[in-house]
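Just below is one structure, and these are the notes that go with it.
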Amino acid sequence: MAETTITPEEEPPALALPFIFLGDHVLYILTDLGRMGIFLFSALVGIFRRPFRFRELLKQLNFIGAGSLAVIFFTALSSGMVLGLQGYYSLHKFGAEGMLGSAVSLTLIMELGPILTALMVTGRAGSAMCAEIGIMRISEQIDALECMAIDPFRYLISPKFLAALISVPLLTAVFDIVGIFGGYLAGVGLMGVNSGSFLSGMQQSVTNHDIRLGVIKSIVFALLLVWICAGRGYLVQQIRGAGFGAESVSRVTTQAVVLSSISVLIFDYLLTAVLL
């Protein structure tokens, strides 16, 4: 058979190359979003399929939730104490030290608590989740599950989704409590703010709407981080530029952590603009 060759007349003009590159990139992004959308739908549906893996759920709750308590505790304590010191410095200029409790509690409950919890869980558990699923994909363990007629989403992915949706809001609550305690230590214990005014300001300023906003943010952030981290690992072989073997897992894990962190920050603004 005669070999087909491309003549110079058939090559695209140089001016069209940027548009070809842009179109190819846009098509890849849309295809990738479609794959991630199907992955999210399959993972959420897998939560309701029987038989349910309670042992795997408990294992993931221990890994994502209990395993993250230490980093959440120290991050919350340091953040709360810094807020207490900086809040006192700012409010002292206006003679409003009594509002320190209100400033610390609202900042933690509505913003810093959900955001920092999601970022810490992403760095600790999300990266491990992505690497674990990515290694299972490149070593064909997921393909083996499919060959044995075992749904990989119900067996592997869905327990991680459910555990994250349970653990992250609870970790956020722990972050808020420890952070407020840290602000109390810094403001009352170190700077001499009246204890009654700190607690009274916090009680009068924090409403159910503020708490509800923090809970909604924590649930959305939990869904985002487990979706992106697990999805990137599951689709590791279909991601452009990821490479092959162990290199692909390392690159995709880094990409998953970065994308999750950026998504958390973007959705924090969107949720605040809509629900505030």
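Every number in this text was worked out from the coordinates using simple rules, so none of it is lab data. Every value quoted in this text rests on a predicted model; they were computed, and no experiment measured them. Ideal geometry is used to build each Cβ from the backbone, glycine not excepted, and the neighbour counts take in all protein chains shown.
What the table shows:
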{"read-out": "Of the DSSP H helices in the chain, those whose Cα atoms cover at least 24 Å axially and whose Kyte score averages -1.0 or more", "value": "17-47, 69-92, 158-184, 208-234, 246-275"}
{"read-out": "Where no second cysteine Cβ lies under 4.7 Å, the cysteines concerned in the chain", "value": "CYS147"}
{"read-out": "Cα-projected label distance for VAL45 with GLN203, points at 7 Å along beta-carbon direction, nm", "value": "5.2"}
{"read-out": "Extension reserve of the LEU265-LYS93 stretch, reckoned as 0.36 nm per residue once the Cα distance is removed", "value": "58.8 nm"}
{"read-out": "Value of relative contact order over the stretch 52-275, rounded to a whole percent, pairs C-alpha under 8 Å and six or more apart", "value": "36"}
{"read-out": "Within the chain, longest stretch free of exposed chymotrypsin sites (Phe, Trp or Tyr not before Pro) [DSSP loop, at most 13 other beta carbons within 10 Å]", "value": "95-243"}
{"read-out": "Alpha-carbon centroids, the stretch 167-223 and the stretch 25-69: separation in whole Å", "value": "30"}
{"read-out": "GLN86 versus ALA14: modelled label distance in nm, points set 7 Å from Cα along the beta carbon direction", "value": "5.1"}
{"read-out": "Per-pair calculated FRET efficiency, R0 = 45 Å: GLU146 and ALA66 via Cβ, rounded to 0.05", "value": "0.90"}
{"read-out": "In the stretch 199-244, trypsin sites (Lys or Arg not before Pro) in a DSSP loop with at most 15 other beta-carbon atoms within 10 Å", "value": "ARG240"}
{"read-out": "Environment charge of ALA173, counting only residues whose C-beta is closer than 14 Å and scoring Lys/Arg +1, Asp/Glu -1", "value": "0"}
{"read-out": "Ellipticity estimate at 222 nm from DSSP helix runs (n ≥ 4, -39,500 (n - 2.57)) divided over the chain, nearest 500", "value": "-23500 deg cm²/dmol"}
{"read-out": "Principal axis box of the chain, alpha-carbon based, largest edge first, Å", "value": "91, 54, 31"}
